[in-house]
1. Just wondering, is there one or more residues in region 56-73 that are at positive phi, at pLDDT below 95 and either of a type in the set (A, V, I, L, M) or touching a helix residue (DSSP H, G or I) at 6+ places or on another chain (Cβ under 9 Å) (or both)?
2. Confirm whether I73 is among the aliphatic types (A, V, I, L, M), more than 18 Å from R9 (Cα to Cα) and free of Cβ contacts under 8 Å to residues at least 40 places away in the same chain.
3. Of the conditions (1) in a helix (DSSP H, G or I); (2) farther than 19 Å from M18 by Cα; (3) of a type in the set (A, V, I, L, M), V121 fails just one. Which one is it?
4. Tell me the strands (runs of 3 or more DSSP E) entirely within region 1-92 that contain at least 1 residues that are acidic (D, E) and touching an Asp or Glu at 6+ places or on another chain (Cβ under 7 Å).
5. All but one of (1) free of Cβ contacts under 8 Å to residues at least 60 places away in the same chain; (2) under 14 Å from the mean Cα position of the chain (by Cα) hold for N26; state the number of the condition that does not hold.
6. Determine, yes or no, whether F11 is surrounded by 12 or more Cβ atoms within 10 Å (Cβ to Cβ) and either touching a Gly at 6+ places or on another chain (Cβ under 9 Å) or without any contact (Cβ under 8 Å) to a residue 12 or more places away in the chain (or both).
7. Taking T20 and the conditions (1) under 11 Å from the mean Cα position of the chain (by Cα); (2) among the hydroxyl-bearing types (S, T, Y); (3) closer than 21 Å to A117 by Cβ, which numbered condition does it fall short on, given that it satisfies the others?
8. Go through region 14-29 residue by residue and tally those that are within 19 Å of L79 (Cβ to Cβ) and either of a type in the set (A, V, I, L, M, F, W, C) or surrounded by fewer than 16 Cβ atoms within 10 Å (Cβ to Cβ) (or both).
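The values are calculated or read from the model by the stated rules, or taken from the named source; none is laboratory data. What you are looking at is a predicted structure, and each value in this text was computed from that prediction instead of being measured. With ideal geometry, Cβ positions are generated from the backbone for all residues, glycine too; neighbour counts draw on all protein chains shown.
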Amino acid sequence: MNNGLVGRRVFIVEDESMITMLLQDNLEDIGCEVAGTAFRYPDALAKSKSLSFDIAILDVNLNGHFTFPIADILTERGLAFVFSTGYGGTRIPAPFQKAPVLQKPFQRQDLERALCAALGVQA
C-alpha cells in the first residue's frame with residue numbers, strides 16, 4: 001500500500017459500470033476513498049465544480065462527450081486528474097499532455113502509478 005495515496009479522496013468519471021466497480025475496489029485496496037462517481041456528462045460537469053476530492057479519474061470519452069472541459073475546471077481548481085481510455089491513439093489536447101493516462105484494461109499497479117504521478121508522490 002502506498003502511503004502517499006492512503007486517505008486520498010477520488011472522484012470517478014466513468015460511463016461503464018463494471019469499470020467503475022473495478023476502480024472502486026482497486027482504490028479501496030490501495031487505501032483511497034471514493035468521494036463520488038459520475039456516469040453522465042452533465043453530472044460529471046456539475047460535480048467537477050463543487051465536489052470535494054483530491055484527484056479525479058476521467059474517462060476521456062464519456063458517452064460520446066470528451067471530458068477535456070472537465071479537466072479545464074479541475075485545472076482551475078488546482079485539482080489533480082488522470083485520464084483513462086480504452087482507445088490507444090486518443091489525442092490529448094496540448095494543455096493536458098502531461099496528465100497521466102491510464103490505459104484500459106489496467107492492473108492495480110497501473111492505477112497506483114498513474115495516481116502517484118498525477119499527485120506528485122512516490123510510486
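1. Yes, the conditions are met somewhere in region 56-73.
2. no
3. (1)
4. 55-59
5. (1)
6. It is true that F11 is surrounded by 12 or more Cβ atoms within 10 Å (Cβ to Cβ) and either touching a Gly at 6+ places or on another chain (Cβ under 9 Å) or without any contact (Cβ under 8 Å) to a residue 12 or more places away in the chain (or both).
7. Going through (1) under 11 Å from the mean Cα position of the chain (by Cα); (2) among the hydroxyl-bearing types (S, T, Y); (3) closer than 21 Å to A117 by Cβ one by one, T20 breaks only (3).
8. Qualifying residue count, region 14-29: 2.
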